[in-house]
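The values are calculated or read from the model by the stated rules, or taken from the named source; none is laboratory data. Since the model is a prediction, treat every value here as computed from it, not as a measurement. Here the Cβ positions follow ideal geometry from the backbone for every residue, glycine too, while neighbour counts run over all protein chains shown.
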Amino acid sequence: MTGKNLQQRLLAVREQIPALSKKNYNEEVNYDFTKIDDIYKYLTPAMNVSGVVMDVISEKATRHDAGGNPIYVIRLGDTGFWMYEADLTIVWKNVDDPQDMETVTLHAIGTNEMPDKAKGSAWTYLLKYYFFQKFSINQGGEDPDMNPSIRKEGSKNRAISGSEGKGIETQSNSGDQEEKEILTLEDARRLVCTFGFNKGKTMGQIADDPENGVQCLKWFANGYRGRDSRYRQAAGLLLQARQEEEQDVA
């Protein structure tokens with residue numbers, strides 16, 4: 001690559017990155033996507049061969065407190081989430097001529113239930129989509145972020161009562177097909193969460209959390225986008241049981 005300028009080298013990087021297939025990595029969503037590691041798998045060796053380096057050289061807060069101190073992470077009211085926001089400046093350099101460079105400033109924003117992870121979410125999301133655009137990476141298929149109908153909840157929960165116990169049947173909006181599996185309240189309490197912040201806990205343990213139990217159940221019932229409908233069913237059952245207990249007490 002000796003003798004080539006930065007733009008020629010970046011073009012060479014683009015030519016070495018293949019189309020990337022989306023996969024299902026996360027039980028919390030019902031669509032496939034590409035991870036940033038999938039990009040780095042090809043981008044890093046392509047940059048090495050082409051003689052290009054990239055660095056994040058500046059992180060500038062977009063919020064400040066009354067004393068002028070930068071604020072990077074804020075709590076989003078009573079949602080249980082934290083949001084990171086900042087402007088990141090990225091520089092690309094020609095390794096054979098460091099003065100041959102390209103600088104760009106991008107706005108990063110991301111949320112997470114843990115404040116220290118909100119920054120990681122923001123940086124990862126920003127860089128992933130910046131790389132997609134910068135190197136015209138073909139992902140194939142349709143981007144769920146560009147089509148809300150893909151992300152839209154595909155089922156509605158409706159409670160039903162049985163002679164031996166209470167259950168929830170899930171009616172799907174997709175294909176007008178119904179899932180016939182019915183969980184009892186005891187089944188719901190025993191169901192183990194296999195992902196996220198509550199990984200390893202049963203739904204009963206999650207429900208019994210005095211501080212976040214109801215909020216977590218509402219998320220499973222209305223915000224969970226994964227393919228295992230049992231989580232939605234279980235959350236609906238547990239919320240219904242809690243409501244009935246409160247009515248009995250009243």
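Being part of a helix (DSSP H, G or I), modelled with pLDDT under 85, acidic (D, E) and not assigned by TED's automatic domain parsing to the domain that holds T79: is that true of E211 here? Judged against the criteria, E211 is not a match. Tell me yes or no: at least one residue of segment 17-24 is modelled with pLDDT of 90 or more and surrounded by 17 or more Cβ atoms within 10 Å (Cβ to Cβ). Yes - at least one qualifying residue is present in segment 17-24.
Scanning segment 214-231 for residues that are among the charged types (D, E, K, R), within 14 Å of T194 (Cα to Cα) and assigned to a helix (DSSP H, G or I) yields one hit, R230. The set of residues in segment 55-76 being over 30 Å from V95 (Cβ atoms) and touching a residue at least 12 places away in the same chain (Cβ under 8 Å) consists of A61, T62, R63, Y72, V73, R75, L76. Of all residues in segment 50-76, those that are assigned to a loop (DSSP other than H, G, I, E, B) and out of contact with any helix residue (DSSP H, G or I) (no Cβ under 8 Å at 6 or more places or on another chain) total 7. Among the residues making up segment 85-133, those that are surrounded by 18 or more Cβ atoms within 10 Å (Cβ to Cβ) and either of a type in the set (D, E, K, R) or assigned by TED's automatic domain parsing to the domain that holds F197 (or both) are E85, K93, K119, K128.
Among the residues making up segment 77-128, a single one is over 20 Å from S58 (Cα atoms), of a type in the set (D, E) and assigned to a strand (DSSP E or B): D97.
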